[in-house]
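The values are calculated or read from the model by the stated rules, or taken from the named source; none is laboratory data. Note that this is a predicted model, so its numbers are computed, not measured. Cβ sites come from the backbone with ideal geometry, for glycine too, and all protein chains shown count toward neighbours. Note: areas computed on protein heavy atoms with side chains; ligands, DNA, RNA excluded. Shrake-Rupley method; radii C 1.70, N 1.55, O 1.52, S 1.80 Å.
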Amino acid sequence: MKKALFLNKLISIGFLLYFLILVTERILAIIFSVNIGGEYALINKNAAAITFYIITVISVVFGTLFFIKPLISILKTLFSKHFFELEENIPQLIFASMVLLFSGMMHTGFTLPVVQFIAYGFLILAMLSHTINQSIDKEIRAKSIISFIYLVLFSMAIPVCYLTNLSSPTSIFFYVIEILSTFILIPSFGCMLHIFFRKGYTSNCFIFPIIMIILDGLVIGLKWVDEINYFVLIFLVASTIGYIVYYLYCTFFDRKKN
């Protein structure tokens, strides 16, 4: 009972600090990106940078609004011996987290990558705590652990939107693909994360990794002559391997067990 309550509190803390840290960093970005950040600064009137800025503002505003209800629920139980009602709040909690994540995927004039990674780290803490809690059930223990690893790798493979030195019309196509990748892969991650928190393990549907491979491949390939995005490339490969392992486990081992 004590262990379950402790893990429940860690899930609450993970989501709470993810939100507070990321929204603070992004609000600072909104304020200081007006004249800081070279070509990303608004005063330079770069159309792509302005687009990133607008998406950031919208993401922070609506992410905050959607987070209010689950935030109240978290604060009501955080310093008590009561459990946070995860099942009741998780749909809106994940939805708000994904809406806010759009802002984190936009590189602005003022960006603190280390602070962003710390924020994401707390989201991962919430996922890890849920994995440990679900691992009590031996029937889904391995499936939950592999799901957790796969989801973390998938989330890291979502490309951040940067400016490019590519010439037109290639640069225009690159920006369209870059933003499209964000608007498709974040909801995909959110969908899998919702399943994970509801069932204890995520979907092994092949559509999500296929979409990721196509979109990440386009982002990496289009920018290859300008700069190789090793971070996305590494996690694209790692998340693909993670999915294959998860799919094989679900297909051969988990099915036999059931």
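So which of K81, K76 ends up being part of a loop (DSSP other than H, G, I, E, B) and of a type in the set (D, E, K, R)?
K81
Can you name every residue in the range 100-123 that is in a loop (DSSP other than H, G, I, E, B) and either within 18 Å of L185 (Cα to Cα) or touching a strand residue (DSSP E or B) at 6+ places or on another chain (Cβ under 8 Å) (or both)?
Result: M105, H107.
Would you confirm, using the coordinates I've provided, whether F154 is at negative phi, of a type in the set (A, V, I, L, M, F, W, C) and either open to solvent by 10 Å² or more (accessible area, probe 1.4 Å) or not in a helix (DSSP H, G or I) (or both)?
So F154 fails the test.
Condition (residue is in a helix (DSSP H, G or I), over 26 Å from I55 (Cα atoms) and in contact with a helix residue (DSSP H, G or I) (Cβ under 8 Å, 6 or more places away or on another chain)) applied to the range 176-195: is it met by at least one residue?
no
Hey, can you tell me all the residues within the range 69-87 that are open to solvent by 80 Å² or more (accessible area, probe 1.4 Å) and either in contact (Cβ under 8 Å) with a residue 12 or more places away in the chain or of a type in the set (A, V, I, L, M) (or both)?
Those that are open to solvent by 80 Å² or more (accessible area, probe 1.4 Å) and either in contact (Cβ under 8 Å) with a residue 12 or more places away in the chain or of a type in the set (A, V, I, L, M) (or both): K69, I72, L75, K81, E85, E87.
Just checking, which of I74, I118 is touching a helix residue (DSSP H, G or I) at 6+ places or on another chain (Cβ under 8 Å) and either among the aromatic types (F, W, Y) or more than 30 Å from I36 (Cβ to Cβ) (or both)?
Among I74, I118, only I74 is touching a helix residue (DSSP H, G or I) at 6+ places or on another chain (Cβ under 8 Å) and either among the aromatic types (F, W, Y) or more than 30 Å from I36 (Cβ to Cβ) (or both).
Inside the range 134-151, can you point out the residues that are part of a helix (DSSP H, G or I) and touching a residue at least 60 places away in the same chain (Cβ under 8 Å)?
Q134, A142, K143, I146, S147, I149, Y150
If we scan the range 231-243, do we find a residue that is open to solvent by 30 Å² or more (accessible area, probe 1.4 Å), in a loop (DSSP other than H, G, I, E, B) and touching a residue at least 60 places away in the same chain (Cβ under 8 Å)?
No, that holds for no residue.
Which residue, of V176, V237, V225, V219, is modelled with pLDDT under 90 and out of contact with any His (no Cβ under 9 Å at 6 or more places or on another chain)?
After ruling out the rest, the residue left standing is V225.
Given the conditions (1) at pLDDT 90 or above; (2) open to solvent by less than 70 Å² (accessible area, probe 1.4 Å), and given that N8 satisfies all but one, which numbered condition is not satisfied?
Failed condition: (1).
Just checking, does the range 87-98 include any residue being of a type in the set (D, E), outside any helix (DSSP H, G or I) and either within 18 Å of the chain's Cα centre (by Cα) or modelled with pLDDT under 95 (or both)?
no
Please tell me if Y18 is assigned to a helix (DSSP H, G or I), at negative phi and touching a strand residue (DSSP E or B) at 6+ places or on another chain (Cβ under 8 Å).
In short, no.
Residues to consider are P113, P91; find the one that is open to solvent by 10 Å² or more (accessible area, probe 1.4 Å) and under 25 Å from K69 (Cβ atoms).
Of the residues listed, the single one that is open to solvent by 10 Å² or more (accessible area, probe 1.4 Å) and under 25 Å from K69 (Cβ atoms) is P91.
Which condition number does G14 fail, the rest of (1) open to solvent by less than 10 Å² (accessible area, probe 1.4 Å); (2) of a type outside the set (S, T, N, Q); (3) touching a Gly at 6+ places or on another chain (Cβ under 8 Å) being met?
(3)
Quick check: anything in the range 206-214 surrounded by fewer than 18 Cβ atoms within 10 Å (Cβ to Cβ) and of a type in the set (F, W, Y)?
yes
I need the full set of residues from the range 33-67 which are assigned to a helix (DSSP H, G or I), open to solvent by 80 Å² or more (accessible area, probe 1.4 Å) and either at pLDDT 90 or above or of a type outside the set (D, E, K, R) (or both), in order please.
Correct list: I43, N44, I54, I58, F62, L65.
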